[in-house]
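The structure under discussion appears below in the form of structure tokens.
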Amino acid sequence: MISLSQNVFSNYQSGQMGQTLGLLGLGLVSIITFMSLTAMVLVYVERKLAAHFQCRLGPMRVGWHGTLQTIADALKLLLKEDIVPKNADRFLHALAPLLTVMGALLALMALPFSPYLTVADMNIGVLYVSAVSGIGVLGILVGGWSSNNKWSLLGAMRAGAQIISYELSMTLAILVVVVFAGSMKFSDIVLSQSQGWWVWRAPLVGIVGFIIFLISSTAEVNRTPFDLAEGESELTAGFHTEYSGLRFSFFFLAEYVNLFIVSAIGATLFLGGWMPFHIGNWESFNQVMDLIPAGLWFGLKVAFMIFMSMWFRWTFPRLRVDQLMKLEWKILLPIGFVNLILAAALTISNFYFFAN
Amino acid sequence: MVNPEISSLEKRIQQSPSKTELNTQEYFVNMGPQHPSTHGVLRLVLRMDGETVQDIIPVLGYIHRGIEKKSESVGYRQQVHLTDRLDYLCSLMNNWGVSAAIEKAMNIELNDRIETVRTIVAELQRIQSHQLWWGVFGMDLGAFTPFLYGFRDREKITAIFEETIGARLTMNYFQPGGMMYDIHPDFVQKVKEFIKYFRPILKEYEDLFSGNIIVQERLRNVGIIDGKTALAYGATGPVLRASGIPYDLRKIEPYGVYSKVQFEVPVGKVGDCWDRYQVRMQEMQESLKIIEQLIDNIPEGKHMVMKFGAKIRPPAGRFYSQIETARGVFGTFFVSDTTDKPYRMHFRTPNFHNLWSVLKMAPGGRVADLVAILSSIDVVVPDMDR
């Protein structure tokens, strides 16, 4: 099926600029809408899940079972006074939340939601997503620095060190799948899993890669047990201590969209994206699985990944800075390298399930 | 205006030679008085090198309400309720400490019922206080769920107290000469239900929190203080016992009916946060044991052996009495001049003395360690400032 981006490019070539711009605009608007909706839903889900983990009910008053609570909260955040600290760098202070949101927005463009639904399916999709998700940390660093608050600065420095370190492990884990699939294009990676998801089809290296990805992606999005950048019991609120109102809500939005993005990437690379659960050439089994629509498969897988992340958050305490670095550089990174070399060897020797 | 503490710290920095070759710049940061993990309005001025705490100066006085001075004007009878506001998590034990001092001054012999009920209720409050500490400890290490679990179970004891005492936090239950009211008819049954309920919950606490490798990594060998230093700094309670010194007033100078019951005094070996954690967890077990031994045979008798009017007039002299609260030794000292108001009243509160051991524990650790240490000594700030 022709994706939106291909449409855009073909139209561009045939000189229909008006249609091109219209399609691009449609894509952007739908992504932005999707982004805010995702964040709202995820905030509600997170609050409900947290409540049930903690033997309480969570939001119950606004709407049925508190479903309208996040809308009320969003309205409250919009109406709140926007406070800028006295000696803050006003320009950077205003820029930081935009940078963070931009990183999340750009990464969302490349994700294949279903075979028919991708904004931009580029041939270097994986590389692109790893690159633009790095912009988010820039926002955090700038926000912490410009706030003119020592706690914010500490949080920002922690976030910088943490995200840059864990990006290595995350990339190594992603590369395992890229090596097996032989492509960096998201749609190709999904199609390569038509005989089974890489998490089990690549013997051992798949599951090891998946676990490394799960750990490092949790660190990437600054969630417990790696929420050192916010670390509210240590740094009050970390890098966004001095933010309020709309700007704070931008950080908040980006946090949840990033959660969605890493979950979607994990689901796409390791759990087959929108690809139903197929086993090799068991044709009848595969056909039964195909009855469930592709978009639903994707949604369920992402929901599973998000649930794992929330489960971590409401169970684990926070690591210390040096322990965090130790985990990355002394444990995850060596395992990741060995895993990648092993994956390459397995690919060359065609030693994986249902190898051609 | 120059802050005296900060300027004295600045002098200390200028005098201290640069230790690292990288020559990083040290800086000050105020932790508190408005900070989520200083448990109130404790202010700590930290000298930091990156994430490492180099020096620490606690600054007190943000919640000083002059309770000692106020006691001189409100008199012995009303003064008891002021002690609720010292260590609000041990209000009953504070009441007991003051009442015991006044009873000692006036030579009042209490009957067995009063002593037994006081012991049971105090032990219940020790458990209650440790439950809250456990929850907050989890929160300070970044795990939110223990907080809610701790409060869920604390509520059970609070309900028992509410039935008998009528209050949930500031009890004002013990009076010189007995208790304000007799125990509620359901008290015995409810306490038994609670013991049955809480034993397996302690296991759940271990599963949820201390069984986790991250918690163990965060607590082991963090904030070590040896027994000798802890003694020198005047630390008492679990902080001292975790350093290996089995100093517990309930054993050493038994009051109430502690001499009649069997219980252990848990001690630690290393004196780190992990030991302080374990000591408190075992103390909850021991408290359950104590209550279990007493609850079935509360002796009959009056709940007040001596009813005072509005005024209590102890004989002239100086009196001191001390008891073991959930955080350590709570001592009451007062000077009486035969009027109904003390000439001077002083409290030796456990938190004030425990706090200073932080000066030995924290330097060299990270900010995150400092948070864990503060939580492991279980600070209650109103108790320090009084």
If you scan region B:358-386, which residues turn out to be within 27 Å of B:Thr332 (Cβ to Cβ) and over 15 Å from the mean Cα position of the chain (by Cα)?
B:Val358, B:Leu359
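Any idea which residue in region A:108-136 is nearest to the other protein chains (Cβ to nearest Cβ), counting only those that are assigned to a helix (DSSP H, G or I) and touching a residue at least 60 places away in the same chain (Cβ under 8 Å)? If you could, list the steps in order and put the result at the bottom.
So the first thing to find is which residues in region A:108-136 are assigned to a helix (DSSP H, G or I), and the list is A:108, A:125-132, A:135-136.
Still in the running and touching a residue at least 60 places away in the same chain (Cβ under 8 Å): A:108, A:125-126, A:129, A:136.
Working: A:Leu108: 28, A:Gly125: 34, A:Val126: 31, A:Val129: 28, A:Gly136: 21 Å.
Selected residue: A:Gly136.
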Out of all the residues in region A:66-81, is one or more more than 14 Å from chain B (Cβ to nearest Cβ), under 25 Å from A:Phe239 (Cα atoms), not basic (Lys, Arg) and not in a helix (DSSP H, G or I)?
yes
Does any residue of region B:139-147 turn out to be under 20 Å from the mean Cα position of the chain (by Cα) and hydroxyl-bearing (Ser, Thr, Tyr)?
no
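Which residues, counting only those in region B:290-321, are among the hydroxyl-bearing types (Ser, Thr, Tyr) and either over 16 Å from B:Glu109 (Cα atoms) or not assigned by TED's automatic domain parsing to the domain that holds B:Lys260 (or both)?
Taking region B:290-321 first, the residues among the hydroxyl-bearing types (Ser, Thr, Tyr) are B:320-321.
Result: B:Tyr320, single match.
Here are B:Val329, B:Val305: which of them is more than 28 Å from the chain's Cα centre (by Cα) and not hydroxyl-bearing (Ser, Thr, Tyr)? So that I can check it myself, show each step before the final result.
Details: B:Val329 fails: more than 28 Å from the chain's Cα centre (by Cα).
Only one candidate passes the filter, namely B:Val305.
Go through region A:155-166 and count every residue that is surrounded by fewer than 22 Cβ atoms within 10 Å (Cβ to Cβ) and within 14 Å of chain B (Cβ to nearest Cβ). Even if it seems obvious, please write down each step before you answer.
First, the residues of region A:155-166 that are surrounded by fewer than 22 Cβ atoms within 10 Å (Cβ to Cβ): A:157, A:160-161, A:164-165.
Imposing the further condition that a residue be within 14 Å of chain B (Cβ to nearest Cβ) reduces the set to A:157, A:160-161.
Of the residues in region A:155-166, 3 are surrounded by fewer than 22 Cβ atoms within 10 Å (Cβ to Cβ) and within 14 Å of chain B (Cβ to nearest Cβ).
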Just to be sure, is B:Thr236 part of a helix (DSSP H, G or I), among the polar types (S, T, N, Q) and in the same structural domain as B:Glu292 (by TED's automatic domain parsing)?
no
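Given the options B:Leu60, B:Leu42, name the one that is surrounded by fewer than 17 Cβ atoms within 10 Å (Cβ to Cβ) and under 17 Å from B:Arg386 (Cβ atoms).
Values: B:Leu42 fails: surrounded by fewer than 17 Cβ atoms within 10 Å (Cβ to Cβ).
Only one candidate qualifies: B:Leu60.
With the condition being under 18 Å from A:Met325 (Cα atoms) and in contact (Cβ under 8 Å) with a residue 60 or more places away in the chain, I'd like the helices (runs of 4 or more DSSP H) fully within region A:137-220 carrying at least 3 qualifying residues. Let's see the steps before the verdict.
Numbers: elements: A:150-181, A:186-191, A:198-201, A:205-220.
Counting at least 3 such residues, we get A:150-181, A:205-220.
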Can A:Leu153 be described as over 19 Å from the mean Cα position of the chain (by Cα) and at pLDDT 85 or above?
yes
Output for region B:135-166, where each listed residue is surrounded by fewer than 17 Cβ atoms within 10 Å (Cβ to Cβ) and either within 7 Å of chain A (Cβ to nearest Cβ) or of a type in the set (A, V, I, L, M) (or both):
B:Arg152, B:Ala159
Those helices (runs of 4 or more DSSP H) completely within region B:273-386 that have 3 or more residues that are in contact with a Ser or Thr (Cβ under 9 Å, 6 or more places away or on another chain) are B:273-295, B:350-355, B:367-376, B:381-385
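Yes or no: region B:218-226 includes at least one residue that is away from chain A (no Cβ under 14 Å), touching a residue at least 60 places away in the same chain (Cβ under 8 Å) and over 30 Å from B:Gly75 (Cβ atoms).
Within region B:218-226, the subset away from chain A (no Cβ under 14 Å) is B:224-226.
Filter once more, so that each one left must be touching a residue at least 60 places away in the same chain (Cβ under 8 Å): B:224-225.
So of that shortlist, the ones also over 30 Å from B:Gly75 (Cβ atoms) come out as B:224-225.
Within region B:218-226, one or more residues are away from chain A (no Cβ under 14 Å), touching a residue at least 60 places away in the same chain (Cβ under 8 Å) and over 30 Å from B:Gly75 (Cβ atoms).
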So which of A:Ser217, A:Ser169, A:Ser192, A:Ser152 is surrounded by fewer than 24 Cβ atoms within 10 Å (Cβ to Cβ) and either within 14 Å of chain B (Cβ to nearest Cβ) or not hydrophobic (A, V, I, L, M, F, W, C) (or both)?
A:Ser192
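Please determine, by comparing only the residues of region B:167-196 that are within 21 Å of the chain's Cα centre (by Cα) and over 26 Å from B:Lys104 (Cα atoms), which one is farthest from the other protein chains (Cβ to nearest Cβ). Break it down stepwise before answering.
The first filter runs over region B:167-196 and keeps only residues within 21 Å of the chain's Cα centre (by Cα), leaving B:167-175.
If we keep only those that are over 26 Å from B:Lys104 (Cα atoms) too, we end up with B:167-169.
Numbers: B:Ala167: 24, B:Arg168: 19, B:Leu169: 21 Å.
Top of the filtered list is B:Ala167.
Determine whether region A:221-243 contains at least one residue that is farther than 29 Å from B:Val371 by Cα and either among the β-branched types (Val, Ile, Thr) or out of contact with any helix residue (DSSP H, G or I) (no Cβ under 9 Å at 6 or more places or on another chain) (or both). Break it down into steps so the answer makes sense when it comes.
Start the filter on region A:221-243 by keeping residues that are farther than 29 Å from B:Val371 by Cα, which leaves none.
No; the residues of region A:221-243 include none that is farther than 29 Å from B:Val371 by Cα and either among the β-branched types (Val, Ile, Thr) or out of contact with any helix residue (DSSP H, G or I) (no Cβ under 9 Å at 6 or more places or on another chain) (or both).
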Spot the failing condition for B:Pro314; the list is (1) away from every other protein chain (no Cβ under 14 Å); (2) within 26 Å of the chain's Cα centre (by Cα); (3) crowded, with 18+ Cβ neighbours inside 10 Å, and only one is missed.
(2)
Could you list, in sequence order, all residues of region B:235-251 that are buried (at least 24 other Cβ atoms within 10 Å of the Cβ), of a type in the set (A, V, I, L, M) and in contact (Cβ under 8 Å) with a residue 60 or more places away in the chain?
B:Ala235, B:Val239, B:Leu240
Among the residues of region B:334-342, are any in contact (Cβ under 8 Å) with a residue 40 or more places away in the chain, under 15 Å from B:Gly97 (Cα atoms) and not aliphatic (A, V, I, L, M)?
yes
Region B:98-125, subset farther than 23 Å from B:Arg154 by Cα and of a type in the set (Gly, Ala, Ser), residue surrounded by the most Cβ atoms within 10 Å (Cβ to Cβ):
B:Ser99
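Let me confirm something: among B:Phe308, B:Phe352, B:Phe319, which residue is within 25 Å of B:Ile63 (Cα to Cα) and surrounded by 15 or more Cβ atoms within 10 Å (Cβ to Cβ)? Break it down stepwise before answering.
Numbers: B:Phe308 fails: within 25 Å of B:Ile63 (Cα to Cα); B:Phe319 fails: within 25 Å of B:Ile63 (Cα to Cα).
Residue meeting the stated conditions: B:Phe352.
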Subset of region A:37-47 [surrounded by 14 or more Cβ atoms within 10 Å (Cβ to Cβ) and either away from every other protein chain (no Cβ under 14 Å) or hydroxyl-bearing (Ser, Thr, Tyr) (or both)]:
A:Thr38, A:Ala39, A:Met40, A:Val41, A:Leu42, A:Val43, A:Tyr44, A:Val45
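Hey, among the residues in region B:33-66 that are outside any strand (DSSP E or B) and among the charged types (D, E, K, R), which one's nearest to B:Asp87 (Cα to Cα)? Walk me through how you get there before you give the answer.
To start, the set of residues in region B:33-66 that are outside any strand (DSSP E or B) comprises B:33-34, B:36-39, B:41-42, B:50-51, B:60-66.
Imposing the further condition that a residue be among the charged types (D, E, K, R) reduces the set to B:51, B:65.
Working: B:Glu51: 32, B:Arg65: 13 Å.
So, considering only residues that are outside any strand (DSSP E or B) and among the charged types (D, E, K, R), the one nearest to B:Asp87 (Cα to Cα) is B:Arg65.
So that you can scan it fast, the table gives a plain yes or no per residue for (1) buried (at least 17 other Cβ atoms within 10 Å of the Cβ); (2) polar (S, T, N, Q); (3) modelled with pLDDT of 85 or more:
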{"position": "A:Met305", "(1), (2), (3)": "yes, no, yes"}
{"position": "A:Phe312", "(1), (2), (3)": "no, no, yes"}
{"position": "A:Ile331", "(1), (2), (3)": "no, no, yes"}
{"position": "A:Ala345", "(1), (2), (3)": "no, no, yes"}
{"position": "A:Asn350", "(1), (2), (3)": "no, yes, no"}
Filtered residues of region A:267-303 (kept if crowded, with 22+ Cβ neighbours inside 10 Å and either modelled with pLDDT under 85 or within 18 Å of A:Leu191 (Cβ to Cβ) (or both)):
A:Ala267, A:Thr268, A:Leu269, A:Phe270, A:Leu271, A:Gly272, A:Gly273, A:Trp274, A:Met275, A:Phe298, A:Lys301
Go through region A:286-356 and tell me which helices (runs of 4 or more DSSP H), entirely inside it, have 1 or more residues that are away from every other protein chain (no Cβ under 14 Å) and within 30 Å of B:Glu217 (Cβ to Cβ).
A:294-313, A:333-348
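How many residues are more than 10 Å from chain B (Cβ to nearest Cβ) and either over 16 Å from A:Trp145 (Cα atoms) or out of contact with any Ser or Thr (no Cβ under 9 Å at 6 or more places or on another chain) (or both) when one looks only at region A:222-250?
Applying the first criterion (more than 10 Å from chain B (Cβ to nearest Cβ)) to region A:222-250 yields A:222-223, A:229, A:238-250.
In the following step, the residues that additionally are either over 16 Å from A:Trp145 (Cα atoms) or out of contact with any Ser or Thr (no Cβ under 9 Å at 6 or more places or on another chain) (or both) were identified as A:222-223, A:229, A:244-250.
Qualifying residue count, region A:222-250: 10.
The values are calculated or read from the model by the stated rules, or taken from the named source; none is laboratory data. Just so we're clear, the structure is a prediction, and the values are computed from it rather than from any experiment. Cβ: placed from backbone, ideal geometry, glycine included. Neighbour counts: every protein chain shown.
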